[in-house]
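Below you'll find the structure, written out as C-alpha cells, and then a few comments.
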Amino acid sequence: MPASVHSGSSPAISRLEIPSSRDAPVASDSSETITPVSQHSPYVAPLDNVQIASLSKLDEGIGSAAIETASTRPPSSRILPTHSDIDSSLVFNKFILYENRLRFFIVASNTSDSRHRIIKIDRTSQDELEVVEDEAVYSGKQMSAMLKMLEDGNKGCGGLGKAKVFFGIAGFVKFTAGWYMIVISKRSVVALLGGHYIYHCENTDIVPVCFNHKIDRPAEEQRLMNIFKQVDMSKNFYFSYTYDLTSTLQHNLTRTGLPPARRWIYNDRFAWNHHMLTTPFHDGKSLAAKSHWLLPLIHGHVDQAKLTVLGRVIFITLIARRSRHHAGARYLKRGVNDEGNVANEVETEQIVSETLTTPFYYPAARRSESEPQRRRPSPNFTSYVQYRGSIPVYWAQEPNSMSPRPPIEISVMDPFYTPAARHFDNLFARYGAPIMILNLIKKREPVPRESKLGQEYTQCVEYLNQFLPQGKRMIYRAWDMSRAYKEQGIISRAFGRILIITQDVIGYLEDIAEESIQMTGFFHSGSEPYSHALQIEERTWRATMSLQNGICRTNCVDCLDRTNAAQFVFGKRALGHQLYALGVVDSPNLAFDSDAVNMLTEMYHDHGDSLALQYTGSALVNRVETYRRMPHWDSHSRDIIENLRRFYANSLLDADKQTAINLFLGINPERTPLRSPQRGNYQKWFKPEHLECAYVLEDCERAVEQFVNTRGDFWIEYYRPLLFTSLGKHFAFSMNSTLKLPGKTAGDINHSPFLPHHNPSSHHHPRYFGNQIVHL
C-alpha cells in the first residue's frame, strides 16, 4: 500500500538557542563545511503545552493536517504551492536517525545546530509507509527535551537506540515486500554558486524500514536489490539543500515572473529519484513541503573552476542534467518514444560569475533612514544553456549481432512525425523560440547508415516547419562534421610543393555558435558595464538585464563525440560573450591555446567523458584536439581502447544496465500503458502559448528584485561566523584554477589567462610534412 504522511500542528518557536555538543558517530563528509551534529544536552529545557501536544501526536502517529492533493500539471514540472508558509531561510542539512523496534525518529538540523525539526516513521507495517511530520521548529534545548521524553516513552521498545548521522533522504523504494529508505551517508562539495553549495553524493545506505522484515520470496527480493544497486549512486549524482539544481540559473532567479505553466518548483524531468520521492506518498504532497528531509538528485556532471584575471576571480561552472525520460543504454535507447522524449537527452548549462559578493545580490544602498533598505541584484552572474538529444524519429539499432556498428533501422514511418512534434513543442514550452537544430551526422557513406537517418530528420523538420509562423520556424543546420574533418583536396602543385587545404571544422562551428548566441541571447543578471557605452559605436549600450529565449539543439548519431566537440565550441564562444558582459575582456573573441580556453577545454572533456560513460560505458573517443587536428601522441591507442570498451559494454553489459535503470526510475517495460498517447493535430501540432516569449524582460526584472529581497539569504549554509576554517579546507580557495595548470607558479598571477601561448593571430594550426606545409 502507498505511504501516508501526517503533520503536527505546533507553531514554530521564535526563540532559538544553540545546543551544546556531545560525542556522536558522524557520517563521512568530505565537504569540510559541516560540524559534528549536536546530541541532546544533559540540561532538559521545559516544553510548552503546545509542544507537549505536538509530542503526543508524534508519539501516537496522529496528525491533524491533511496532505495536498497531487498536482495535475504535466509530470515534467511541479507548480509552486499556493501556501506561503515555506520558510526559505529554514534549511536543514544534517540529520540524526534514532531507531527502535517500532519507530524511526529523524532529527533534521540546520548548519549552526540552532533549529531542529523531527519526523517519525512507523516500523510495524510492511505494506504501508507511515510518516508523521511535526511542523514545530525547536531550539537545541527544546529538541533535547523532546528526545529525553521520547527516550523515556519508548523504553519498552528499546528507547531511541544509537544515533546515526546522515545528510539527507534520497527516497523510498519497495521490491517484493517492505519499504527501504535510501539515505545519503557521504557527500563532498563540488561547486559554490551564489553562496549555495552543490554536493556530490559519495555514498548511500539502504535501510529497511520494517523491523521484522518478512520476505516471502527472498531470492527474488535479493535479485531485485542487486539490480537496483547496479545504478551506482556514488557516481555522478548531485544535490543541493538551498539551490534548485534541476532548473537553470535564469529560471531560478526569475521563477515568480514566469507564466504559471512554467513556474515549477523543481523540474522533475531531471530529478532521477523522482519515483522514489513521490511513489511512496499516494497523496503526492508537494516536494517543497518535504524539502527539509527529501532531496531531488540530478544525474549528469557538475564541475567548477576559477579564472584568475589580474587579481579578479571568475567562477566557471558547468552543469549537465540528464533527463530521466527515455533513459538507458546506447543501443537499447535510441530515437524518440511516443511521448516525444528522446534518448540521451542532456541539458548543459555554463555559468560564469564574478565573486565580488558571494550571494546573488548587492547590499542595500545607504540612503535616508525613512526609505526602506532594499537589496540590489548582483550584475555579476551569467548563464548560457544548450541541449543535446537523439534524433526525434523512430529508429533503432539491434545489438544482437557481433558487429561493432549495427545497421540503423527506421522502425516506424510516421508521415506526420507525431512524436517529433511533441518533442519540439516541449522544447518550445521549456525554452521558448527560436530553436536552432545543429545536425552533425554523415551525409554520404558507401553503405547508407547515418545518411538515411539524416534524410528522414531533414524531411521531419521541413514538414513541421511549414505549419509554424514565419518568425517562429526552427533554424535547421545540417553539416557532415566527420567528412569535413577527414576531407582534403589538392589545390595546386608547383615548384615541387603541394598545397593542401582541409575544412576549418572549429572555425565553421564558431560561426554557427555566434549565429545561435545572437539569436537566443544568454542570461545576464544586470546591465553591461558602463565602460562599453564609451566604446560602442555600431550598437546601443544595454542598460537592462539580458535573457536567453530559445535553445540550440545539437546531435550526432550517438550525441557523444561530435556533439561534445560542437558544444565545447559553443561554450567557448559563449564564454567570450559572458566575460565581455562582465567587463573582464574588451572583446568576446577568445584565442585558443590560452589558459582560459585550455581550462574550459578540460572541463568539457570531463563533461563529455562523464556523459559518454553513462550512456555507452566508455569515455569519449574523439576529443576537441582531434577536430583541431592536433592529436596527442597516444590518441590513436587510446581511441582503440575506448572503442573496445564501448563494444564490450554494448554487447555484454547493456541489457543488465538497462534493467537496473528501469528499476531505479520505476519503469516497467512490460506494463501496458494506461492510455495510448492521443494523436495531435497534423497541422497545428504546437500550442500557440508555447511560441510566446518564454522570459519577458519586465516580468523577469521584477522577479529578480523579488528574489534577492525575499529568497536571497546565502548565509544559511555558507556563512559560518563561529567556526574556524583554514583556507586549505575552504572549497572556494582550493578549487581548480588557471594558476594550477601544469607549469604555473605564483608569479603567473600577473599573467593574463587570455593570451595565447602559440600562434597568437589565429587558432588554425599548420601541419608539416618534411619541408612541405599544409595550410588549414
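Since every read-out is calculated from the coordinates, none of them should be taken as a lab result. What you see is a predicted model, and the numbers here were worked out from it, not measured in a lab. When we count neighbours, we look across all protein chains shown, and the Cβ atoms used for this are built from the backbone with ideal geometry, even at glycine.
Does the stretch 206-246 classify as rounded, prolate or oblate by the C-alpha gyration tensor (a ≥ b ≥ c root eigenvalues; a/c under 1.5 gives rounded; else a/b over b/c gives prolate, otherwise oblate)?
oblate
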Toy charge model, Lys and Arg Cβ at +1, Asp and Glu Cβ at -1: the stretch 302-418 dipole around Cα centroid in debye, rounded to 20, equals 600 debye
The extension gain from R539 to R477, computed as 0.36 nm times the residue separation minus the Cα-Cα distance, is 19.6 nm
Going residue by residue through the stretch 132-147, the Karplus relation 6.51 cos²θ - 1.76 cosθ + 1.60 with θ = phi - 60° gives ³J(HN,Hα) values, rounded to whole Hz and with x marking Gly or Pro, of 10, 9, 9, 7, 6, 10, 10, 7, x, 5, 5, 5, 4, 5, 4, 5
Taking every other residue with Cβ under 11 Å from the Cβ of N426 and scoring Lys and Arg +1, Asp and Glu -1, one gets +1
Interchain or sequence-distant (5+) residues whose placed amide H lies within less than 5 Å of the amide H of L245 are S240
Rounded to one decimal in nm, the spacing of the 7 Å Cα→Cβ label points at L356 and K443 is 4.7 nm
Karplus-derived 3J(HN,Hα) from phi for the stretch 689-706 (6.51 cos²θ - 1.76 cosθ + 1.60, θ = phi - 60°), whole Hz, x at Gly and Pro, runs 5, 6, 8, 6, 4, 5, 10, 8, 4, 4, 5, 5, 5, 5, 5, 5, 4, 5
The summed charge of the P588 Cβ neighbourhood (under 12 Å; Lys/Arg +1, Asp/Glu -1) stands at -2
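When the dipole is taken about the Cα centre of the stretch 395-490, and only Lys, Arg (+1) and Asp, Glu (-1) are charged at their Cβ, what size is it in debye, to the nearest 20?
Working: 13 positive and 10 negative charges, 65 e Å.
With Lys and Arg at +1 and Asp and Glu at -1, about 320 debye.
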Sorted by chain and number, the residues with a modelled amide H under 5 Å from that of A478, at a separation of 5 or more or across chains, are N439
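Once you charge only the Cβ atoms, +1 for Lys and Arg and -1 for Asp and Glu, what is the size of the charge dipole of the stretch 129-273 about its Cα centre, to the nearest 20 debye? Before the final figure, lay out each step's value.
Working: 17 positive and 14 negative charges, 59 e Å.
The calculation lands at about 280 debye.
Convex hull over the alpha-carbon atoms of the stretch 524-635: what's its volume per residue in Å³? Display every interim value, and only then the final one.
On the way: hull volume 15.3 nm³, N = 112.
Expressed per residue, the convex hull around the Cα atoms of the stretch 524-635 is 136 Å³.
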The simple spin-label model distance between A219 and I410, using points 7 Å out along Cα→Cβ, in nm, is 4.7 nm
Computed curve, the stretch 410-466, Cα-only Debye sum without solvent term, log₁₀ I(q)/I(0) at 0.15, 0.20, 0.31 Å⁻¹, is -0.51, -0.84, -1.30
